[in-house]
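Worksheet: one structure, shown below.
None of the figures in this text is laboratory data; all of them are computed from the coordinates on show. Remember, it's a predicted structure, so these values are computed and weren't measured experimentally. Every residue, glycine among them, receives a Cβ derived from its backbone with ideal geometry; neighbour counts consider all protein chains shown.
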Amino acid sequence: MTVGVVMLVHTALGRAEQVARHWAAAGCPIVIHVDKAVPRKTYDVFVQSLSDVPDLKFCKRFRCEWGTWGIVAGSQSGSELMLASFPQVRHVYLASGSCLPLRPVKELLNYLAARPRTDFIESATTADVPWTVGGLDEERFTMRFPFSWKRHRYLFDKAVAVQRALGLKRRMPNGIVPHMGSQWWCLTRQTLSAILQDPERPEYDRYFRNVWIPDESYFQTLARQYALKIESRSLTLSKFDFQGKPHIFYDDHLQLLRRSDCFVARKIWPYADRLYEAFLTDEAAAMKKTEPNPGKIDRIFAKAVERRTRGRSGLYMQSRFPNEDWENGVTAAPYSMFQGFAELFENFEPWLAKATGARVHGHLFAPDRAHYADNQTAINGALSDSAIIRDYNGKAFLTNLIWNTRGERQCFQFGPADNQDVCWRIAKDPNAQVSVITGAWSVPLFRSNKDFADIRREAALLQKIESEHMNILRSPYTKARVRIWTMAEFIEAPMEPLQGILDEIGQTKLRRIAEVPKMVDLSGFGQFLQNLKNQGMHPYMMGDFPVERGVAATQQRPRKPYLVQ
Amino acid sequence: MGLINSYRLRLQRKRWRIRAYRKRRELKEIVNRTAQIKSDDILLYCTQRNEKIRLPYFLDYYRKMGVGHFFFVDNDSDDGSLDYLRDQPDVSVWRTRASYKRARFGVDWLNYLQIKHAHGHWTLTVDPDEFLVYPFCDTRPLRALTDWLDASSIKSFSAMLLDMYPKGRLDEQPYQSGQDPIEIASWFDSGNYSLSRNYKFANLWIQGGPRARVFFKDAPAQAPALNKVPLVKWDRRYCYVSSTHMLLPRGLNQVYDEWGGEKASGVLLHAKFIDTFSAKAAEELERGQHYAASVEYKAYAASLQTDPQLWCKWSEKYINWRQLEILGLMSKGNWA
């Protein structure tokens, strides 16, 4: 008893010949189906070149276009010829010209000999698996597909649309349940002959002729009718990308393939000389007893699909430029923006750096330059501190900064005097942690030595800008983690908000803050605000500040509340 | 994109093609070996002027990558580069003395030669100082990439221009013919690029890098464009619009994903900033044959006199394509 190999070949005939000889050397009978699209002359040369191989036949040729019936017709004719000509065959293995046996054929023979009644065919109902690409899963079976997807895409799509609109549906013959799976199978003589010799086969064939991609469903569905024992997996390692086309293996996959425990892999790049050499000529080396680790291949290809469909969050580059709100994360990592803290506390930046271990910048969007931590003139990625370059594309500046410094938490100061271009981008970014003390911009004004008329003008402007920014932060589109206090509210009890912020940054070395940043002296601030009011400029962003109150004023400790049961 | 606009672009494309046909008269055939080209050869197109010192390594680099035939347009060289190219077995050369600027910086000449010879071939269009790096380029030849692109029905492949520069003054290490220029200019800026979209042609506009940081720090809007689409499965209806930054039909410019994913892309290592640069800049300044009244070269000349130092503390040293992939300058996409 042995295994017969049906090979479907359409390009790289030289490689197909090599593989056929490899199978034949192990005593497997072979039937080759060559695509009708291969020119007669090339075909003849190919037949000639394999004429010295015993137990090798060529079957009737069909035109095999992807997604059409031809592939099934080819497999059928190949299988029929195989069953008829080689009675010693118990299992039939369907392979392609670009398949490559990874383990010695002997092992496959032994493996199948130990499982004489098992059919290896991946076969799952369409209702249960979301494999399909392009939105056609059940509809593959209920519609007709008279046009080629590859050559007449427009007509293909129109035909689908028309059938959907008219609600046209076909019924499955005999109420069979459609199954789908990898087109590469290994069936027993019993099952395969039952499928091929079924008296109702003409009806099934007629039906599947108009199904889309019947090679993934014809045998998969019908095997369910007859098989005694189905193992729903393919013995051929074959990975698909997000468009449903197979991943290709190259020379640099050699180690990976050695560690897979599959018998056959597809699809191999025809010029991958090292792979063919390693697996076809040098059997002893191919079987270097490395520990099988098939999961690794899965991971690599799953990651490739993930990269193509979701990409790396926060990366904007030549081949990834997501539309707004389709970014899968506006920026690469969480970061914190502080507004008003550096104004209210004298040593806020060093204190925060010490308490969190994060990199704490000054006002990155200041009008003169980007104030990086430690007064640097550039930062990771050679991002310059020039305000002109930054303002040329403020959003790119922010996303670049966060991308370049992945792995290190970034904190920066912001304020109404800074460039406000990035406000929306930050507000809509779930990675942003925004903490604002409104009205704190007035503290530097209060402490400055400017003419009061200038102060008044500037205060009015800053208040207007900050108020607009707060509207953005409070809008329903905001996804950032936003905390807003008025200045009056904040200085009432500064510890609690600070602790909350540190906890959220999450890198605190201590569970409770040991050291508190030093607040600037605010005595006389209430009067300063009153003066602004007296000049007709009502500062409302900082909350209610009584004229007399200063932070220095000692507050009476409130009595402990009695607990009343 | 309305019907009217797409029709306008169609007319524009036709206009560029007619222009390319008109400009063919400026080309004088020196040696034509196009009969050697096999149907699946990868072709390379290049205009050059006085780059003899760079050519040996350039040809070697792309031959090893798997380019089958080279097309050169020589723009009035006087350093013997024409003779050198003429003797190469896989090169076809045309010569012109006409204005580079009026051939839209060589685009018209190459468009004509591409229409004539590149139909159905994968076609790489680069300058003599540009070196293509693509995912897995250390283990897979270019043919692997083009086969994969074919299988994925992708017709154009993006490779952003990455300006490379040496540490120290540009003229510190002299370049020897045949040497890998990346050995000298081995540093680059990894993360200061800004992107915006050009809705008319559907391409991205990338600016930044050392040129924006040093030469254009006061006028970043004028900084040169870095987006390029150098590798295209050519069809005779296609044409480049401005350098290799944009193509028509504009679908070919859609080399980026808009829904969060990453398409596969490469990088063109731009080894312009080596010791030959100052002389080149001085010459080009005089000829005034470069883009936007040679504004780029004016800016270079002004900065170069004072301090020709592009390197900074945050510059990154080039190792291989995987490094560029991790830094997010290029992507493997779903090629694994």
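Ranked from highest to lowest mean number of other Cβ atoms within 10 Å per residue, what is the order of the peptides A:392-399, A:419-426?
Details: A:392-399: 21.8, A:419-426: 19.1.
In decreasing order of mean packing, A:392-399, A:419-426 become A:392-399, A:419-426.
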Formal net charge of residues neighbouring residue A:139 (Cβ-Cβ distance under 15 Å; K, R +1; D, E -1): +3
Relative contact order of chain A, pairs being alpha-carbon contacts under 8 Å that are 6 or more residues apart, as %: 11 percent
The protein assembly as shown - Rg (one decimal) and Dmax (whole number), Cα, Å: 34.0, 108
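Computed over the Cα atoms of chain B, what is the ratio Rg over Rh, Rh following Kirkwood?
Working: Rg = 19.0 Å, Rh = 20.4 Å.
That ratio is 0.93, to two decimals.
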Between the stretch A:190-253 and the stretch A:324-380, the Cα center-to-center distance that results, in Å: 58 Å
Estimated [θ] at 222 nm from DSSP helical runs (n ≥ 4, -39500 (n - 2.57)) normalised by residues in chain A, nearest 500: -10500 deg cm²/dmol
Positive-end extreme of charge dipole, chain B - chosen from B:6, B:327, B:55 (charges on Cβ): B:6
Label point distance in nm, residue B:64-residue A:84, each placed 7 Å from Cα along Cα→Cβ: 5.6 nm
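If the only charges are +1 at each Lys and Arg Cβ and -1 at each Asp and Glu Cβ, what is the size of the charge dipole of the stretch A:2-309 around the Cα centre, to the nearest 20 debye?
So the magnitude is around 540 debye.
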Whole-angstrom gap from the stretch B:121-189 to the stretch A:52-86, using each part's C-alpha centre: 45 Å
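Residue A:177 to residue A:353: extension gain in nm, 0.36 nm per residue of separation minus the Cα-Cα distance? All intermediate terms of the calculation are to be shown ahead of the outcome.
Working: separation 176, 0.36 × 176 = 63.36 nm, distance 6.41 nm.
That works out to 57.0 nm of additional length.
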Amide H contacts under 5 Å for residue B:122, placed H, 5+ residues apart: B:43, B:234
FRET efficiency, 1/(1 + (r/R0)^6) with R0 25 Å, evaluated for residue B:38 and residue B:14 via beta carbons: 0.25
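Enter the mean number of other protein chain beta carbons within 10 Å of the beta carbon of each residue in A:228-236, as an integer. Display every interim value, and only then the final one.
Details: counts 0, 0, 0, 0, 0, 0, 0, 0, 0.
That works out to 0 on average.
With r defined as the distance between the Cβ atoms of residue A:229 and residue A:408 and R0 fixed at 45 Å, what FRET efficiency is calculated, to the nearest 0.05? Intermediate values should be presented prior to the final figure.
Working: r = 56 Å, r/R0 = 1.26.
Efficiency, from the Cβ-Cβ distance: 0.20.
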Residue A:468 paired with residue B:102, simple spin-label distance in nm, labels 7 Å along Cα-to-beta-carbon: 5.0 nm
³J(HN,Hα) computed for each position of the stretch A:377-386 - Karplus, 6.51 cos²θ - 1.76 cosθ + 1.60, integer Hz, glycine/proline x: 8, 8, 9, 2, x, 6, 7, 7, 8, 5
Farthest toward positive dipole pole in the protein assembly as shown [+1 Lys/Arg, -1 Asp/Glu at C-beta], among A:360, A:182, A:530: A:182
Charge dipole (chain A, unit charges on Cβ, about Cα centre) - positive-most of A:396, A:300, A:280: A:280
Kirkwood estimate for the stretch A:311-436, i.e. one over the average of 1/r between Cα atoms, Å: 14.8 Å
Inter-part distance where the stretch B:1-43 and the stretch B:71-95 are each reduced to a Cα centre, Å: 21 Å
Filter on B:101/B:200; B:167/B:200; A:60/A:169 - keep pairs with C-alpha separation over 31 Å: B:167/B:200; A:60/A:169
Hz values of 3J(HN,Hα) by residue in the stretch A:334-343 - Karplus curve (6.51, -1.76, 1.60), Gly and Pro given as x: x, 8, 10, 10, 10, 10, x, 6, 5, 7
Long-range amide H partners of residue A:180 with built H, under 5 Å: A:124, A:125, A:126
FRET efficiency for residue A:303 and residue A:152, using Cβ-Cβ distance with R0 set to 35 Å, rounded to 0.05: 0.55
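Any idea what the dipole of chain A comes to, in debye rounded to 20, about its Cα centre with Lys/Arg Cβ at +1 and Asp/Glu Cβ at -1? Write out the running numbers ahead of the final one.
Working: 75 positive and 61 negative charges, 323 e Å.
That gives chain A a dipole magnitude of about 1560 debye.
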Among B:222-230, A:383-391, the order from most to least packed when residues are scored by Cβ within 10 Å on average: B:222-230, A:383-391
DSSP bridge pairs, the protein assembly as shown: antiparallel proportion in percent, nearest 5: 40 percent
Residue-by-residue Karplus 3J(HN,Hα) for the stretch A:432-441, coefficients 6.51, -1.76, 1.60, Hz, glycine and proline x: 7, 10, 10, 10, 10, 10, 6, x, 5, 4
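Stokes-Einstein at 25 °C, 0.890 mPa s, Kirkwood radius from Cα pairs: D for the stretch A:2-309 in µm² s⁻¹? Provide the component values of the computation, followed by the final result.
Values: Rh = 20.2 Å.
Here the translational diffusion coefficient equals 122 µm²/s.
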Highest to lowest packing among A:460-469, A:96-105, scored as the average C-beta count within 10 Å: A:96-105, A:460-469
